[in-house]
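Participant: Below you will find the structure I want to go over with you.
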Amino acid sequence: MTKRPVQFQLNGSPVAVFTDEGQNLLDLLRRGVGDLSPKFGCGQGTCGSCTVLVDGEPRLSCLTLAETVEGQSVETTNGLANGPDLHALQEAFMENFAAQCGYCTPGMLMAAKALLDRTPRPSREQVIEAISGNICRCTGYEPIIDAIMAASGQPVRRAG
Amino acid sequence: MAIHKGRGFACINYPIGMNLGGDPSQALVHSTPDGKFMVSLSSIDLGQGMKSVTRQIAAETLGVPVSDVYVDTADSDTGPHCMGSFASRGTHRVGNAVIRAATEARKALLEAAAEELEVNASDLETDGQGNIQVKGAPGRTITVADTAIAAQFKQGRTLSGRGIFLIPPSDVDPDTGEMTPVSCFAHAALVVDLEVDDETGEVSVTEINSAYEVGRALNPRLVEQQLIGGAWMGVSHALYETTEPYYPDRSHGPEDFNSYLMPGPGEVVNHNIAVLERPAEDAPFGGKGPGEMCANPVLPAVANAVYNAVGVRCDTLPITPEKVLRGILANGGARPQGSR
């Protein structure tokens, strides 16, 4: 099997690793680099739990060939917090109880970050659109939508 | 062709845990040398918040800050035995075991402190802030941390406790068949409002109103979280999810998330919840546990609302557009039950 060198920025730091032929970005991040924050869910691009940002755009890393990120900037949930300071989205997810089992959370956070980076004050409909490719089994989505609205500094429509 | 509104009601008496065989759980509590407390369990937190709730229960029983308690559920091979995280039993069964273990550990803690302060252990109280003091004499005090150090490095004493909760196995009365299958019930009532399109057969849930009686809500936000997420899953089971849509025929079954239907973030239903608190006698601090019954009553309420809307009684789940349309066809048209 041919090994191929690939260099990219991962959460702001340069990474140089060898990728196997046909290896997807999720596998490279998890096994090659050791960043376990993107999760393997379905492996066919239908659940969103492997979502990472490539040059700011949300990508399903399980469907992205690793060698295609050469020279690009990759962001994962591991890069969200600044030392002990959580990202505003992480704080909002915590405050709004937007995670139960937590498996979808990294993908949700990255999909939400891509949205807020582009649209700092999205409408509720835009939030729903942004996470519509991410499956959550526990929360019923409402706390996640609330958390993203809260992270953008907008009022939360609470249930109950 | 029209949209028909329907309203359905369902209520539930939900047994907590399963009594046959005693349904036991165990807990072990011990102090680290710096006066923090570790709760060892084999019960697993699936995201429902069991670690948070058992941590609260242990801290409350021990009389120490919740930040000084850790819950370890690492390994069911090496930890104390637990039947498991199912049947909505975690808070009730495991919580009771934790209370017993923490009570024994607290007794050891106060005995060690009494030796240091040269008083009787029964004269001591905790302030919940990490201090142990003589009742009525708050000046005579020792920290939990100092007590732990003294116990473990001077007195030669462990600050630990063991706990098990086992419901007496219920025998069946040979004459009457009477037995006690369960000791603790939670309750809920739920109303679903929805719309049925008699042209497409599509059902859209518009609002859910529910009242849940879960004993004392030991962690109100976690209870609310479970109720919101559980109702979503109930709607999903009622209208979308199946692995065998033409059971027992296996054809047209979903093979992946592309074809396994679930409501997404665009189908979130407004859900108004009232949590009623009637602390249960045999429950830890009165808390029963919402668990599975978050989802259960949604299914019959949706089925009843569909009947109310178009007069179609679906007795298999999920209630797909195909079933609704076949029902309407068999009835010779939509038959709304009562005016709304």
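The values are calculated or read from the model by the stated rules, or taken from the named source; none is laboratory data. Remember, predicted model here, so these are calculated numbers, not experimental data. Cβ placement follows ideal geometry from the backbone for every residue including glycine, while neighbour counts extend to all protein chains displayed.
For (1) touching a helix residue (DSSP H, G or I) at 6+ places or on another chain (Cβ under 9 Å); (2) in a helix (DSSP H, G or I); (3) modelled with pLDDT under 95, each residue gets a yes or a no:
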residue: B:PHE9; (1), (2), (3): yes, no, no
residue: B:ALA27; (1), (2), (3): yes, no, no
residue: B:MET38; (1), (2), (3): no, no, no
residue: B:THR54; (1), (2), (3): yes, yes, no
residue: B:ALA58; (1), (2), (3): yes, yes, no
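Participant: Kindly evaluate A:MET94 against the criterion of being within 13 Å of chain B (Cβ to nearest Cβ) and surrounded by 20 or more Cβ atoms within 10 Å (Cβ to Cβ).
Facilitator: No; evaluated as a whole, the condition is false for this residue.
Participant: Out of A:PRO106, A:PRO58, A:PRO143, report the one residue that is in contact with a helix residue (DSSP H, G or I) (Cβ under 8 Å, 6 or more places away or on another chain), in a strand (DSSP E or B) and in contact (Cβ under 8 Å) with a residue 40 or more places away in the chain.
Facilitator: Step by step, each of A:PRO106, A:PRO58, A:PRO143 is checked, and only A:PRO58 is in contact with a helix residue (DSSP H, G or I) (Cβ under 8 Å, 6 or more places away or on another chain), in a strand (DSSP E or B) and in contact (Cβ under 8 Å) with a residue 40 or more places away in the chain.
Participant: Also, I was wondering about something else. List every residue pair whose Cβ atoms sit under 8 Å apart, with the two residues 6 or more apart in sequence or on different chains, where the first one lies in region B:68-94 and is outside the structural domain of B:GLN56 (by TED's automatic domain parsing) and the second, anywhere, is crowded, with 19+ Cβ neighbours inside 10 Å and not in a loop (DSSP other than H, G, I, E, B).
Facilitator: From region B:68-94, no pairs qualify.
Participant: Tally up the residues in region B:281-315 that are over 22 Å from B:HIS237 (Cβ atoms), of a type in the set (Gly, Ala, Ser) and surrounded by 22 or more Cβ atoms within 10 Å (Cβ to Cβ), please.
Facilitator: 2
Participant: Search region B:95-130 for residues being part of a helix (DSSP H, G or I), without any contact (Cβ under 8 Å) to a residue 24 or more places away in the chain and not acidic (Asp, Glu), and hand back the single one that is surrounded by the fewest Cβ atoms within 10 Å (Cβ to Cβ).
Facilitator: The residue in question is B:SER122.
Participant: How about region A:117-146: which of its residues are closer than 24 Å to B:GLY230 by Cβ and aliphatic (A, V, I, L, M)?
Facilitator: Passing the criteria: A:VAL127, A:ILE128, A:ILE131, A:ILE135, A:ILE144, A:ILE145.
Participant: A further question on this structure: Only one residue in A:GLY102, A:GLY107, A:GLY56 is among the small types (Gly, Ala, Ser), under 11 Å from the mean Cα position of the chain (by Cα) and within 14 Å of chain B (Cβ to nearest Cβ), so which one is that?
Facilitator: On inspection, the qualifying residue turns out to be A:GLY107.
Participant: Which residues, counting only those in region A:1-42, are among the small types (Gly, Ala, Ser), farther than 19 Å from A:GLY71 by Cβ and surrounded by 15 or more Cβ atoms within 10 Å (Cβ to Cβ)?
Facilitator: A:SER37, A:GLY41
Participant: When region A:146-160 is examined, which residues are found to be more than 7 Å from every other protein chain (Cβ to nearest Cβ) and either surrounded by fewer than 19 Cβ atoms within 10 Å (Cβ to Cβ) or in a loop (DSSP other than H, G, I, E, B) (or both)?
Facilitator: A:SER152, A:GLY153, A:GLN154, A:PRO155, A:VAL156, A:ARG157, A:ARG158, listed by residue number.
Participant: Taking region A:110-137, which residues are facing chain B (nearest Cβ under 10 Å), at pLDDT 95 or above and in a loop (DSSP other than H, G, I, E, B)?
Facilitator: A:ILE131, A:SER132, A:GLY133, A:ASN134, A:ILE135, A:CYS136
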